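As structure tokens, the structure follows; a few thoughts come after it.
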Amino acid sequence: MEYKFYNVVGLMTGTSMDGIDISLVKTNGIELIPIDSFYYKFNKSQFDKLFFFFKTRNELISNSKKKSEADNYVSKLHIQALNRFKNKNYEIIGLHGQTIHHSPQKRSVQLGNPYLLSDYFKKKIVYDFRKNDLINGGQGAPLAPIYHKYLIEKNNLELPCVFINIGGISNLTYWDGNQLIGFDVGPGNCLLDDFIKIKLNSNFDFNGNLASKGEINNGLVVSFMKKKYFKTLPPKSLDKNDFSKFFNKFLGNNLSVNDGLATLSEITIKCIINSFNCLPRKPVSMVVCGGGFKNKFLINRLQFFFKKPIINPKFINIDIDFVESELIAFIAARTINKLPITFPKTTGVSKPLTGGVLIKK
């Protein structure tokens, strides 16, 4: 069966809430050709507003008026971002929205009003990619494995291969030619970024330079890794808020900036390495993307434990800054072509499921 190709623009803003990634691609949900990309960075007031939404998420979720105001605010940011994007050669918009809450098998809340975008741009919109999975007993996350599988196969990477995305939360995709497995493995950059924000009012630790000068508190790392989640077999997924109690206690240890960042970095890495225990076979190749790939200290620590060379995505023409926005475009096309986007060993649904909601213009 032939599946139609579309020019789709994918919009993604992650848990770091730093901006909107925009990817214009030609795709049918099986193959993908990148065309253009753009990053819209949030200014301080925009970030502060989004962070306020995150902090007051429980109130937003229970108050329809406030939730609607937040949805409209987020969509107006997306409209501004798309207006700054010079390439207008797209017919479909894939909208993920800003996640403020994720509770596996219960509810996943992404802020955004797709109808505002539909009315403004007069384009088809695909959104709400997690709902159908949740309704059918899945965890609603992760969504990335089907696109990671495509990238692994496109680049003929040695199997079994793991594709690691170190964003706010780290997630893993495993593909061995037979089994597609995906799950969240633990904190990625979220605790590191929160820590340095509190200590130095900085957004991130450039290259992991500060962490590299610190001493790892192995006791805190071991304590963190005792959490039940890390012994639970997939499918499984996380919310940034799952680490709040630990983080508040962590701050109480009064570690230096360097030691705190070194310790949190080690937690990020140990979560990734620990996740291999949940896989059918030990991976022989690994690709790392997301903001964490730019952190040299993180990558060096990961290389130390993995032993084999980590594949640099730049060498196989993967733009690490736009993998997730390409993913949204990819699964938007799969939605329109009625192809599955979630699977039994990625979210826990009983059979492969399509997802996403289409607004036609």
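Taking the criterion of being over 20 Å from residue 289 (Cβ atoms) and of a type in the set (A, V, I, L, M), the residues of region 333-361 that qualify are 333, 336, 339, 349, 353, 357, 358, 359.
The one condition from (1) touching a residue at least 12 places away in the same chain (Cβ under 8 Å); (2) part of a strand (DSSP E or B); (3) over 18 Å from the mean Cα position of the chain (by Cα) that residue 71 does not meet is (2).
Considering only residues of region 215-267 that are out of contact with any Gly (no Cβ under 9 Å at 6 or more places or on another chain) and of a type in the set (Asp, Glu), which is surrounded by the most Cβ atoms within 10 Å (Cβ to Cβ)? Per the criteria, the residue is 266.
Screening residue 152 with (1) buried (at least 22 other Cβ atoms within 10 Å of the Cβ); (2) in contact with a helix residue (DSSP H, G or I) (Cβ under 8 Å, 6 or more places away or on another chain); (3) hydrophobic (A, V, I, L, M, F, W, C) gives one miss only, at (2).
The single condition among (1) modelled with pLDDT of 95 or more; (2) within 18 Å of the chain's Cα centre (by Cα); (3) part of a helix (DSSP H, G or I) that residue 193 does not meet is (1).
Residue by residue, here is whether (1) modelled with pLDDT of 95 or more; (2) open to solvent by 30 Å² or more (accessible area, probe 1.4 Å); (3) basic (Lys, Arg); (4) assigned to a loop (DSSP other than H, G, I, E, B) holds:
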position: 97; (1), (2), (3), (4): yes, no, no, no
position: 101; (1), (2), (3), (4): no, yes, no, no
position: 105; (1), (2), (3), (4): no, yes, no, yes
position: 108; (1), (2), (3), (4): no, no, no, no
position: 116; (1), (2), (3), (4): yes, yes, no, no
position: 119; (1), (2), (3), (4): yes, yes, no, no
position: 132; (1), (2), (3), (4): yes, yes, no, no
position: 156; (1), (2), (3), (4): yes, yes, no, yes
position: 159; (1), (2), (3), (4): yes, yes, no, yes
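Among residues belonging to region 172-196 that are within 19 Å of residue 242 (Cα to Cα) and free of Cβ contacts under 8 Å to residues at least 60 places away in the same chain, point out the one that is least open to solvent (accessible area, probe 1.4 Å). Step by step, filter region 172-196, then rank; the result is 184.
Listed by first and then second residue, the pairs linking a residue in region 314-329 that is surrounded by fewer than 16 Cβ atoms within 10 Å (Cβ to Cβ) to a residue that is modelled with pLDDT under 95, with Cβ atoms under 8 Å apart and 6 or more places separating them unless they lie on different chains, are 314/320; 319/313.
The values are calculated or read from the model by the stated rules, or taken from the named source; none is laboratory data. Quick caveat, the model's predicted, so the values are computed rather than measured. A quick note on method: Cβ atoms are made from the backbone with ideal geometry, for glycine too, and the neighbour counts reach across all protein chains shown. For the accessible areas, the whole protein counts, side chains as well, though only heavy atoms, and no ligand, DNA or RNA atoms are used. Shrake-Rupley method; radii C 1.70, N 1.55, O 1.52, S 1.80 Å.
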